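I have placed the structure first, in the form of structure tokens, so that the comments after it can refer back to it.
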Amino acid sequence: MPPGTAFTIAVTPKIPPRLARLEELANDLWYSWDRSTRSLFSSLDHALWGAVGHNPKAFLKRVDESKLLRAAEDRVFLAHYNSVLSAYDFYHSGPPEDCAHTGLSSSDQVAYFCFEFGFHVSFPIYSGGLGILAGDHCKAASDVRLPLVGVGLLYRQGYFSQTIDSEGNQQVIYADSDFEDLPVTPVLHGNGSEVRVEVEMPQRKVVAKIWRAKIGHVTLYLLDTDLPENSQADRDITHQLYGGDRTMRIEQEILLGVGGTRALREMGIRPTVWHINEGHAAFMVLERMRDLVRQGLPFPTALEAVAANTIFTTHTAVPAGHDHFSDDMMTGYFEGFYNDLGISRDDFLALGRAPDSNDFNMTALAIRGSRFQNGVSKIHGNVSARICRHLWPQIEPEENPVAYITNGVHVPTFLAPEWADLFDRYLGHEWRNNICDAKYWSRIEAIPDHLFWSVRQTLKSQMFYGVRARLALQNSRNHGSEAHLDRLLRFTDPVNPNILTIGFARRFATYKRATLLFEDLDWLRRIVLHQERPVMMIFAGKAHPADVPGQDLIRRVSEIARLPEFQGQILLVEDYDLRLARRLVAGVDVWLNSPVYPLEASGTSGMKAAINGGLNLSVLDGWWGEGYNGKNGWAIKRGPENMAPHLRDKEDSTDFYETLQDHVVPLYYNRDKLGYSPEWIKMAKNSMISLLPRFSAGRMVGEYAQNFYVPASRQGSHYATADYSGAQKVADWKAFVRNAWWGVAIRRLDAPANRISFGDTVYFDVAIRLNGLKPEDVIVELLIGPQLPHATISDFKHYKFECTGAEESDEQRFTLNLAVSLCGKLDYRIRVYPYHPLLTHPLEMGMMLWL
Ligand SMILES: *Cc1c(COP(=O)(O)O)cnc(C)c1O
């Protein structure tokens, strides 16, 4: 270094006019799923493209002027450029109101709030599954022109980069993003000034600036408090994703929920549907209620009006995973709020109350503030209904409003381009418009096996190249020798990628049991170290810096990977991010998932592997509970839920070892003379055919639109018409019912018959004490079905009673004549619950009385 002070100066290249639209391409996250756009950038300067971490905006600020000038004259480059632009323009063309097929109209607007969004490595505001799901939701919404805006926070530091030292210790590296390098631009008022919003915090106001990111047709708005007008502490609110303490967390969540709602208002965006994606964003409902109370609505009416068009999606399968804050903290931050809402402190805190805790629970708030709720797989929907049962105390969990919409992945993002090319040849370009069409995909059968296999091998080679590069870096940083590196890399041969390769990559959270296959090392040795049929395992993932047991798992994997006999066959690759994820899911033969049932809410990485022809070997939990069909991968059956953890791990790992040694390994190595296993390919094709359409984000977003967004929009406007008279009616009626319900009673008047003949009519007759309710305020119902040992409510048929007039003083008589159409021993029940036609879900009151 020369002496003296070092000054720096950034010299931005001038983009030649002919290539002007490169800037536009760099500012639209369309590039995150359009491979051709990314290769356009990388073709300008491959080394720089790698050096800037595949970030188009950063790339354009650094690329050599002479390369741009040359490209502007290069016919091959220009042809590529023009073809990218024409695809881009085609995607973006057409009338904006072209959303009718989603069921929504052009006046609809869905606001989707989430704590993190994962689109691409170049935009580090995500940590893992939740963020990537949110990113995929936006991408799929853009694909179908669903009118949706995202709302989130712009973190100066996204999630950390990870290195792993030679002892297996995770080191975290946080780097500041330069917002100039991110695909975001400040949102401006008409007069050119930046849009800002203010959010009250104790003794101060915090100002946030709004940024916009473009994801095709979808806009994402991101709040940022790193502004000179804020104190340093407040500037730090958007400093780090999942960093800081509880104070930081509540301030981030207030900023997202309250600030995000204000930001939309400030920009003139009037959502007709509001989606809370995970509890972090639930404060949104408070701000919206405050707005309505200020307009003169009573609090209960405001609550009904807000909840009617709000959707809440929960992603956690353990109650402890639900975000919560102490009452003291809540009081400190929300004192002003309950006055504005016109309710007492107790009533305010009651909005976040859950049993067995004195905290303010964000899931409870989100459920009280929404009328549409869902888990993210069938199993998780049931688990969530149970976890949240207290919110509908008299309703059986299986009937409460918690539904499910299973997650999906954005196929254009995660499908390797080699597959896209092969599909173009064998299915025709129209496959892109048929991603969600289950029948369409049987055409994959028509792809010749050898071509199918060759794509698999190509992707595996590429994955090996990527893994080797990372391992080489890792080795040199950890001062490993060349000889050591050779030992590590001896099985990842890109020229001959013929070793059965199993991948396990995701967050190192304990319930995911990354080390389950290390339960019995001798057994594992017999499987992995087999002379003719060797197996390789590749691990990757980050553990949250505060998650000590998670980091222990990383150490354990590292320790096993360092055992001399496993070296090179068990690999631990650092810094799992979207880029490595894309490589791994496309390249490995088998994708392993070993969560403790039923804690994997959905899981999505296995879907990414499946659409690329990888085979899943997984516990039947989350999405795999629905995806597995006996011919498209392997399932580890779930054990009893309340088994002691060490017994359950033993049980599950035994099942894994047996499946590997008896099924997975023999199938893979059962090669014909062409060098591949036809049976393996058959299974891989089955996997793609059955899973690609079903677990696509397009299918998922379609279900959100149909099941939630459309009815929520309708219900919201229904409640809002005539000065919120609908919401008012419902609120008044609910208050009335809550007061009366304690006194409602049911008794039977008829003498029960216990034997009849088929086709006979049975007469049922009950008296209900209504305690002031009117007969039309309740539904009296008979449930009848065959006597089964484990019958659930869905096994019963439902019949409504008619009110036939007053019985005694406060009793009304309800009768039912039923022609029984079933035979055998039947079970029946009689029940009554409050009902109003304006309700969103018939059981939303949570009240029910059984005879
Ligand atoms: C898909 C994905 C995840 C989620 O993986 P799960 O197996 O669902 O936990 C996490 N991180 C990255 C980078 C991903 O691409």
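Brief remarks follow.
- Some residue of region 739-746 being among the aromatic types (Phe, Trp, Tyr), in contact (Cβ under 8 Å) with a residue 60 or more places away in the chain and closer than 30 Å to residue 309 by Cβ: yes
- Residues that are touching a residue at least 60 places away in the same chain (Cβ under 8 Å), surrounded by 13 or more Cβ atoms within 10 Å (Cβ to Cβ) and of a type in the set (S, T, N, Q) do occur in region 838-849, at least one of them.
- Filtering region 429-436 for residues that are in contact with a Ser or Thr (Cβ under 8 Å, 6 or more places away or on another chain), away from the ligand (no atom under 16 Å from the Cβ) and assigned by TED's automatic domain parsing to the domain that holds residue 603 leaves a non-empty set.
- Which listed residue, of 704, 669, 628, is more than 15 Å from the ligand (Cβ to nearest atom), farther than 30 Å from residue 386 by Cβ and either in contact (Cβ under 8 Å) with a residue 12 or more places away in the chain or not small (Gly, Ala, Ser) (or both): 669
- Scanning region 70-129 for residues that are in contact with a strand residue (DSSP E or B) (Cβ under 6 Å, 6 or more places away or on another chain) and away from the ligand (no atom under 16 Å from the Cβ) yields a count of 4.
- Test: residue in region 576-586 that is surrounded by 24 or more Cβ atoms within 10 Å (Cβ to Cβ) and more than 11 Å from the ligand (Cβ to nearest atom): yes
- Scope region 553-569; condition in a helix (DSSP H, G or I) and more than 13 Å from residue 512 (Cα to Cα); matching residues: 555, 556, 557, 558, 559, 560, 561, 562, 564, 565, 566
- Selection of region 139-154 for residues being away from the ligand (no atom under 15 Å from the Cβ), in contact with a strand residue (DSSP E or B) (Cβ under 8 Å, 6 or more places away or on another chain) and of a type outside the set (A, V, I, L, M) yields 142, 147, 150, 152.
- Yes/no for residue 622 being at pLDDT 95 or above, over 24 Å from residue 528 (Cα atoms), in contact with a Ser or Thr (Cβ under 6 Å, 6 or more places away or on another chain) and not in a helix (DSSP H, G or I): yes
- Selection of first residues in region 263-274 that are within 15 Å of residue 147 (Cβ to Cβ) and free of Cβ contacts under 8 Å to residues at least 24 places away in the same chain and of second residues that are buried (at least 24 other Cβ atoms within 10 Å of the Cβ) and among the small types (Gly, Ala, Ser), restricted to Cβ pairs under 8 Å at least 6 apart or on distinct chains, gives an empty result.
- Any hit, region 379-397, residues being polar (S, T, N, Q), surrounded by fewer than 20 Cβ atoms within 10 Å (Cβ to Cβ), at negative phi and in the same structural domain as residue 287 (by TED's automatic domain parsing): yes
- Residues in region 533-549 that are of a type in the set (D, E, K, R) and at pLDDT 95 or above were compared, and the one that is farthest from the ligand (Cβ to nearest atom) is 533.
- For region 783-805, a tally of residues being polar (S, T, N, Q) and in contact with a Lys or Arg (Cβ under 8 Å, 6 or more places away or on another chain) returns 2.
- Of all residues in region 306-333, those satisfying the criterion of being buried (at least 19 other Cβ atoms within 10 Å of the Cβ), at pLDDT 95 or above and outside any loop (DSSP other than H, G, I, E, B) are 306, 307, 308, 310, 311, 312, 313, 325, 330, 333.
- Selection count, region 53-97, where residues are without any contact (Cβ under 8 Å) to a residue 24 or more places away in the chain, more than 24 Å from residue 29 (Cβ to Cβ) and assigned to a loop (DSSP other than H, G, I, E, B): 1
- Considering residues of region 403-456 that are outside any helix (DSSP H, G or I) and in contact with a Phe, Trp or Tyr (Cβ under 7 Å, 6 or more places away or on another chain) only, the residue nearest to residue 30 (Cα to Cα): 410
- Residue pairs whose Cβ atoms lie under 8 Å apart, sitting 6 or more positions apart in sequence or on different chains, and linking a residue in region 522-541 that is in contact (Cβ under 8 Å) with a residue 12 or more places away in the chain and outside any strand (DSSP E or B) to a partner that is within 16 Å of the ligand (Cβ to nearest atom) and not hydrophobic (A, V, I, L, M, F, W, C), are 541/506; 541/507; 541/576.
- Single match in 395, 444, 379 (criterion: within 16 Å of the ligand (Cβ to nearest atom) and at pLDDT 95 or above): 379
- Selected residue (only one of 336, 279 is crowded, with 24+ Cβ neighbours inside 10 Å, of a type in the set (Gly, Ala, Ser) and touching a strand residue (DSSP E or B) at 6+ places or on another chain (Cβ under 9 Å)): 279
- Of all residues making up region 590-606, the number that are near the ligand (Cβ under 8 Å from one of its atoms) and not hydroxyl-bearing (Ser, Thr, Tyr): 4
The values are calculated or read from the model by the stated rules, or taken from the named source; none is laboratory data. Quick caveat, the model's predicted, so the values are computed rather than measured. Note: ideal-geometry Cβ built from the backbone for every residue, glycine included; neighbour counts use all protein chains shown.
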